[in-house]
1. Would you say Arg242 is over 28 Å from Glu295 (Cα atoms), outside the structural domain of Arg76 (by TED's automatic domain parsing) and part of a loop (DSSP other than H, G, I, E, B)?
2. Could you identify the single residue in Ser38, Ser91, Ser78 that is of a type in the set (Gly, Ala, Ser) and under 25 Å from the mean Cα position of the chain (by Cα)?
3. Only residues that are not hydroxyl-bearing (Ser, Thr, Tyr) and not in a helix (DSSP H, G or I): list them for the stretch 215-236, please.
4. I need every pair where a residue in the stretch 97-117 that is closer than 13 Å to Ser78 by Cα has its Cβ under 7 Å from the Cβ of a residue that is assigned to a loop (DSSP other than H, G, I, E, B), sequence separation at least 6 or different chains.
5. Here are some residues: Pro75, Pro93. Which one is under 15 Å from Leu183 (Cβ atoms), in contact (Cβ under 8 Å) with a residue 12 or more places away in the chain and part of a loop (DSSP other than H, G, I, E, B)?
6. Here is a list: Ala172, Ala107. Which entry is among the small types (Gly, Ala, Ser), surrounded by 20 or more Cβ atoms within 10 Å (Cβ to Cβ), assigned by TED's automatic domain parsing to the domain that holds Phe77 and not in a strand (DSSP E or B)?
7. Could you tell me whether Asn16 is more than 16 Å from Leu158 (Cα to Cα), out of contact with any Ser or Thr (no Cβ under 9 Å at 6 or more places or on another chain) and not aromatic (Phe, Trp, Tyr)?
8. Among the candidates Phe303, Phe332, which residue alone is closer than 28 Å to Pro207 by Cβ, surrounded by 16 or more Cβ atoms within 10 Å (Cβ to Cβ) and touching a residue at least 60 places away in the same chain (Cβ under 8 Å)?
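The values are calculated or read from the model by the stated rules, or taken from the named source; none is laboratory data. Note that the structure is predicted; figures quoted are calculated from it, not measured. Cβ coordinates were reconstructed from backbone atoms using ideal geometry, including for glycine residues, and neighbour counts include every protein chain displayed.
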Amino acid sequence: MNEKILFLAHVDESGNALPKIAFEALGAALALSQQMNSPLEIGLIGENVQSSADSLASAGAAHIFGVQGPDFAKPRFSSDAAAAEALCRASAPQLVIAPATARFFRALPCLARRLTAQIDTHITSINVTDGAVVATRWFYRQRIEGVFQRKARPWILLLDSGCQEPWHAAPAPVTFKELVVALPPQAKRTSVTGIRAPKSDAQTIRPDANLLLVAGAGWTKKQTDGKTHPEQAETLILNFLRVSGASLGGSKSLVDQSGENQAVLRFMTHMNQVGQTGSTPRHPKGLSTCCHGEEPHVVGWRFINDRRAINLDPNCGWARGKADVLYVADAFQVMEKLNALLAERAAEYQAK
């Protein structure tokens, strides 16, 4: 079994380095290369890929190809597809492994069409079983894990983030083979004029955060005084996100309230939803607040390593073996005290 593997990657928004997910996908590609005893080659796309190539010098690739220039600095379907096609035709691989970035989600399906190849996305692992390459991914809202293989070649696989330990090694000078891709005028009709994004302190979804804070519908329900306090809840949660750098998730019951004329957290959207029809986050630690530990929500936490919850009800769903630690307490009081401690620690750090 000797199938050539091509690892595809693009430079991140900074224009100087590869995104973290690229190193995760490279780790999977290297592991597969060792299992198959197959050669690995690397293809890079960006305005300038030299520094990215240097960062991969120790990966042991047989060849490193690069398509670079101002036309490939920003994400654009036409130029990315053309660059990826040039890299694949230069390498002629049987397997193409790439990180599942928004940029590649747009361009690589077109690449599969041009190469008469097969493509699969949201892959979580790639292995060799009984001499065949086998891929896995989740189906039906992350409840069923599918294991499958294909005879068709080339086969393009996009790996999701958080599924593989990122490969890392010290950079070293390396020479790569630059491929010249001349884009026709019609491929340059689209241009990126800028990026609109919320300020860093307003951003609530942070995939690389060490902690995921999940808010449940209990934040908007009547409290011990018989009244709701959504404004106080918003302040406590946003302050915690600011001082801790955590990412924010929400239970389905909470994000659905916006359409039910109930008190809502104004910064919470369906993009924050975790579990059921929402995302399956991958953070080292998770803290659930005012959630009841319902099964769809817990399924969304399957890749969280350390699960903790705050709930006044000692018999809530989290207490039935779904959380590693359950704090039976008032989330409003706990978060207020926690914010004060974090602010104090931040002040001490700045004083040093």
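1. no
2. Exactly one residue qualifies, and that residue is Ser78.
3. The answer is Ala215, Gly216, Lys221, Lys222, Gln223, Asp225, Gly226, Lys227, His229.
4. That search, which allows pairs on different chains as well, returns Arg103/Pro75.
5. Within the list Pro75, Pro93, the selection yields Pro75.
6. Unique residue meeting the criteria: Ala107.
7. no
8. That would be Phe332, the only listed residue that is closer than 28 Å to Pro207 by Cβ, surrounded by 16 or more Cβ atoms within 10 Å (Cβ to Cβ) and touching a residue at least 60 places away in the same chain (Cβ under 8 Å).
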